[in-house]
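**Student:** Would you mind keeping the following structure in view while I ask a few things?
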Amino acid sequence: MQDVSSHMVRRLQRFVSLTNAELALLADMERDSRAVSAGDWLWQEGDSADTLVVFTEGWGCSARYLPDGSRQLLEVFLPGDILGIGELVDGKRRSNVSMLTDGRISEYSYHRLRELFERAPRLRSALFVIANQRQAMLAERLVSIARRNARQRLAHFLCECHARLLEPPHDTRQGFLLPLSQQDLADALGMSPVHISRTFSSLACLGLVRRQHYHMLILDPVRLERLAGFNGTYLQCDTQLLASEPPTSAEPG
C-alpha cells in the first residue's frame, strides 16, 4: 500500500506510480526530521553542501543579497520540495535559505544519496526532473520580471503557487496559505511593497482574488490564468523519462 502522508511522495506520484521498494527508500529520506521555526536560516551562500534537504512541513525561500543590502528572492519552497540537488557538483550552497513558517525538514547525506541512485534509477531520474522544474520556474520568473506588467506578474506568481499546492488526483481548492509579506513578494517580483499592495487591490477590484492577511482566495481561476498568460506545462515532466527505466525489482522483506 502506498504512503500518502508524505508531501514528497505525493509530488513524485504525479509523475510515476511508485513501487513498495521505492516508497521504502523515500521513507528513509524523511526518517530523521527536525523542527525549524519561521525566520531560521538553513544555510547561507558559500556554506559547504553535503546534504539534500526535504521540506517535510512548512514553507521556506532562497535569496541572494547584494552589496547595497537589497535582496532578490529567488525561490519559494513548499512541503515536499527537495533542496540541494543542483549543488552536488561544486559542493557549495549557492544562495541563502531560510524558513518563512514553522515546519520540519529532513537531511539526507550525499553519500547515502549515491547509494539510493544505485538502488533506484527511477528515483534518481525523478530527483533530476525536480531540479529541472526548479530551473523552469526560475526562467518563468525571469520572463515575468522582464516582460510582464505588474498585474500579470503577480497573477502569474499566484497561479504558480496554487498549481504547485494542488495534490492529485483532482484537488480544486481555491484558497491557500501564502505566507509571504509584501516585502517578500516585492523582492521576488521586482516591485516595491506599495506597488504589490496596489496590484492586489487591482486584482481584487477585478473580482479575481481576495487576500486576508496570509490567506489567499482565488475567486476566478480561469480569468486569473488568462490575465497572467499562465500555462502550467513547465511544472510538468515527460513521464516517459521515468517509465523508461524498470522499477526496482527487489521489494523489502
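**Student:** Give me the percent relative contact order of the chain, please, defined on Cα pairs under 8 angstrom at least 6 residues apart.
**Tutor:** RCO, the chain: 22 percent.
**Student:** Given the DSSP H assignment, sum -39500 (n - 2.57) over each helix run of at least 4 residues in the chain and divide by its residue total; what's the result at 222 nm in deg cm²/dmol, nearest 500?
**Tutor:** -12500 deg cm²/dmol
Each value in this text was obtained by applying a stated rule to the coordinates, not by laboratory testing. The model shown is predicted, which means the values in this text are computed figures rather than measured ones.
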